[in-house]
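Derivation of every value follows stated rules applied to the coordinates shown; laboratory data play no part. Note that the coordinates shown come from a computational prediction; the quantities given were computed from them, not determined experimentally. With ideal geometry, Cβ positions are generated from the backbone for all residues, glycine too; neighbour counts draw on all protein chains shown.
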Amino acid sequence: MEKLLEELSAIKDLLNRQAAYYKPFLSVAECASFLDLSEHQVYKLIGARKLRYSRPGGKKIYFERAECERFALSNVVRSADEIGLEAQAINRKKGERW
C-alpha cells in the first residue's frame with residue numbers, strides 16, 4: 001500500500017511538471033522546474049535582470065514560457081562543423097573582395 005502511494009505521488013509530480021510545458025505563463029516554481037534550476041537561482045536571474053518577468057498587481061511573479069525557452073537556448077555552443085562552415089564562408093567573402 002505504501003509503495004502504491006509513493007508511485008501515485010510520483011505520477012502526480014510528473015503531471016504537474018508536464019503542465020508547465022503547456023501553460024503560456026509560469027510561476028517561479030514552474031520556471032525553476034522548466035529550466036531545471038532551483039527557485040533561488042531563478043530569483044538570482046531576476047535580480048541580475050537576465051530573465052524577463054511580469055508582476056501583475058505587484059505580487060506574484062510570472063514568466064512567459066517563450067521567455068524561459070529563449071533563456072534556455074541562450075549561449076548556445078556551436079559545433080566544430082558549424083564553426084568550420086562559418087570560416088569557409090568568411091574566406092569565400094574575403095576572396096571575392098580582392
message: Need the list of lysines near LYS12 for cross-linking: C-alpha distance under 19 angstrom, and skip anything on the same chain fewer than eight residues off.
response: LYS3, LYS23
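How high is the relative contact order of region 2-97, in percent, with contacts defined as C-alpha pairs under 8 Å that are six or more residues apart?
Working: 60 pairs, mean separation 22.1, N = 96.
Value for region 2-97: 23 percent.
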- line: Fewest-first ordering of GLU86, GLU30, GLU2 by Cβ atoms within 10 Å yields GLU2, GLU86, GLU30
- line: Of the convex hull drawn through the C-alpha atoms of the chain, the volume per residue in Å³ is 183
message: Along the Cα→Cβ direction, 7 angstrom out, place labels at LYS94 and SER27. What is the inter-label distance in nm?
response: 5.5
statement: Summing -39500 (n - 2.57) over every DSSP H run of at least 4 residues in the chain and dividing by its residue count gives a helix-only mean residue ellipticity at 222 nm, to the nearest 500 deg cm²/dmol, of -19500 deg cm²/dmol
task: For LYS60, list the aspartates and glutamates whose Cα falls under 18 Å from its own Cα; do not include residues on the same chain fewer than 8 positions away.
output: GLU30, GLU39
message: Within 10 Å of each candidate Cβ there may be at most 14 other Cβ atoms; applying that plus a DSSP loop requirement, which trypsin sites (Lys or Arg not before Pro) in region 1-75 survive?
response: ARG49, LYS50, ARG52, LYS59, LYS60
In sequence order, calculated HN-Hα J values of region 60-66 (Karplus, 6.51, -1.76, 1.60; Hz; x Gly/Pro): 6, 8, 10, 10, 6, 4, 4
